[in-house]
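Visitor: The structure that follows is given in the form of structure tokens.
The values are calculated or read from the model by the stated rules, or taken from the named source; none is laboratory data. Since the structure is predicted, the reported quantities are computational estimates derived from the model, not experimental observations. Positions of Cβ are backbone-derived with ideal geometry, glycine not excepted, and every protein chain shown enters the neighbour counts. Note: accessible area is taken over every heavy atom of the protein model, side chains too, but ligands, DNA and RNA are not part of it. Shrake-Rupley method; radii C 1.70, N 1.55, O 1.52, S 1.80 Å.
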Amino acid sequence: MNRVDAAWAIGRPVMGVPTAIATRFRSYGRERMPRTGGLVVALNHFHWIDIPAYGWSSPRPLYFLAKVEAHSVPIAGAYIRLFGSFAVRRGESDREAVRRMREVVREGHALGVFVEGTRQTSGVPGRAQPGAAMVALQEGVPVICAAIHGSQTWRLGNFAPVTVAWGEPMGFDGLARGAKGYREASAQIEAELHRLWAWLRDMHAAGRPRVAEPPRLPGSTAPVTLP
């Protein structure tokens with residue numbers, strides 16, 4: 001077990017259980033995540049509570065990509081680095097961050113990317129930036145989308161329900177490794193996140209049944225499984 005795995009083994013319940021209680025947390029489709037191999041996990045983002053919520057839902061450690069400002073906060077920055085998080089400078093080219101992103105998946109880990117680049121304040125998912133697609137295409141690994149809903153209204157103490165839905169692994173074998181391919185893959189990722197989020201919105205309206213199957217990819221032949 002490496003240092004990051006050890007940190008997750010301890011920190012996941014320590015952070016996840018209070019998060020699950022405070023958000024009345026529920027997730028659907030987590031069994032869809034491959035348990036081994038390099039992987040990009042594409043996530044939407046509304047609130048800081050999303051980070052422990054995704055971490056609690058994920059069946060394996062996520063090496064989160066976080067803004068450099070978060071890593072600069074005393075104590076908190078060192079804490080998130082224990083879990084494998086690494087920094088990126090928003091709004092500019094960051095070759096070191098790209099190198100590290102590719103290295104994470106090449107080593108067989110799951111890279112967690114908030115694909116919109118920043119938290120969304122509109123209450124709905126935003127545009128997907130090309131970073132996640134670029135890493136997936138360059139390293140030949142799948143992308144799995146996980147959408148969150150409810151955290152846009154969650155505040156400490158209001159116990160608003162928060163839910164995550166996991167999609168199926170997406171492959172981009174037919175796309176070129178270049179700007180055009182990155183745009184096309186990013187558009188597919190964005191569409192899948194919006195689709196999962198819209199499904200979650202409907203699940204909240206229906207009272208969040210304990211058992212439900214998130215939408216499958218168009219043309220998927222994977223067997224239907226329920227948690």
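Visitor: Here are Ser85, Ser57: which of them is modelled with pLDDT of 80 or more and not charged (D, E, K, R)?
Guide: Ser57
Visitor: Collect the residues in the range 12-46 that are assigned to a loop (DSSP other than H, G, I, E, B) and surrounded by fewer than 20 Cβ atoms within 10 Å (Cβ to Cβ), keeping them in residue-number order.
Guide: Residues satisfying the conditions are Arg24, Pro34, Arg35, Thr36, Gly37.
Visitor: Just checking, does the range 66-80 include any residue being of a type in the set (S, T, N, Q) and modelled with pLDDT under 95? It would help to see each step written out before you state the result.
Guide: As a first pass, look at the range 66-80 and keep what is of a type in the set (S, T, N, Q): 72.
Checking which are modelled with pLDDT under 95 leaves us with 72.
For the range 66-80, residues of a type in the set (S, T, N, Q) and modelled with pLDDT under 95: present.
Visitor: Would you check which residues across the range 32-54 are farther than 12 Å from Gly150 by Cα, touching a helix residue (DSSP H, G or I) at 6+ places or on another chain (Cβ under 7 Å) and among the hydrophobic types (A, V, I, L, M, F, W, C) and list them?
Guide: Leu39, Val40, Ala42, Leu43
Visitor: Do the conditions hold for Gln188, that is, is it part of a helix (DSSP H, G or I) and open to solvent by 40 Å² or more (accessible area, probe 1.4 Å)?
Guide: yes
Visitor: Something else about it: Would you mind telling me which numbered condition in (1) open to solvent by less than 60 Å² (accessible area, probe 1.4 Å); (2) within 21 Å of Arg24 (Cβ to Cβ); (3) touching a residue at least 24 places away in the same chain (Cβ under 8 Å) Leu156 fails?
Guide: Result: Leu156 passes all but (1).
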